[in-house]
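Inspection log for the structure reproduced underneath, given as structure tokens.
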Amino acid sequence: MSKLLTYRENLNLTQKELSEKSGLSIRTIQRIESGTEPKGHTLKVLLNTLNITKEEFLGEPKPNMNKNIIKWINFSSLMFIIPLANILLPLLIMKKKKQVNSITKQIISIQILWTLLTIVFVGISPFFVRWFGTSRQLTLILLVISILINLYIIFRNAIEIENKDRLYIKLKSSII
């Protein structure tokens, strides 16, 4: 049984429904299900449509992935109380434990983006005093919202790592 057929049936999709959802022809889906290996654009479209990784689809082993260390790297991002520790500590653990892979790079990339956005929003908050009262109130509100969003990202990704060995919230590309 082909991987595509298995994934398609798990999603309770017909070939026609998968064709419509992915934009690929039914004939292409039939060929892949009969054993032709998808490549390039077709592979990308299938991965996005099925919401799976290339490794999952092609059955390639995930290189150098220890789920417990990856979760540890993810939770080490909770050190956002200390400036830049949410980036440096996971990066240090990733390098020390030799867990340099797409998931750990994404975890750190998310924290880099989160830190930059927080700095930008807190930095521009004094310019919006007219609408929100004092700048201290707005800055505090933005910091609390930012921390809550980061907590959600960290814990939601931890759940997804535990259940499906991947991230729930991820960037289109890695910063590092």
Prolate/oblate/rounded call for the stretch 3-58, Cα gyration tensor, a/c under 1.5 rounded: rounded
From the gyration tensor of the Cα coordinates in the chain, what semi-axes in whole Å does the equivalent ellipsoid have, largest first, with each one equal to sqrt(5λ)? 39, 21, 12
Helix-only [θ]222 nm of the chain, DSSP H runs n ≥ 4, -39500 (n - 2.57) each, per residue, nearest 500: -20500 deg cm²/dmol
With +1 on the Cβ of every Lys and Arg and -1 on the Cβ of every Asp and Glu, and nothing else charged, how large is the dipole of the chain about its Cα centre, in debye rounded to the nearest 20? 360 debye
Based on Cβ point charges of +1 for Lys and Arg and -1 for Asp and Glu, what charge dipole magnitude is obtained for the stretch 3-58 about its Cα centre, in debye rounded to the nearest 20? 180 debye
Where Rh denotes the Kirkwood radius from the mean inverse Cα pair distance, what is Rg over Rh for the stretch 67-164? 1.07
Report the extension gain between residue 30 and residue 156 in nm, rounded to one decimal, defined as 0.36 nm multiplied by the number of residues separating them, less their alpha carbon distance. 41.8 nm
In debye, nearest 20: dipole of the stretch 67-164 around its Cα centre with unit charges on the Cβ of K, R (+) and D, E (-)? 320 debye
Only helices at least 18 Å long along their axis, Cα-based, and averaging -0.5 or more on Kyte-Doolittle count here, so list those DSSP H runs from the chain. 102-124, 135-164
Packing-wise, with mean Cβ within 10 Å as the measure, how do 114-125, 93-104 rank, highest first? 93-104, 114-125
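Read the figures in this text as sums done on the coordinates, not as results from a lab. Remember, it's a predicted structure, so these values are computed and weren't measured experimentally. Here the Cβ is made from the backbone with ideal geometry for all residues, glycine too, and neighbour counts use every protein chain on show.
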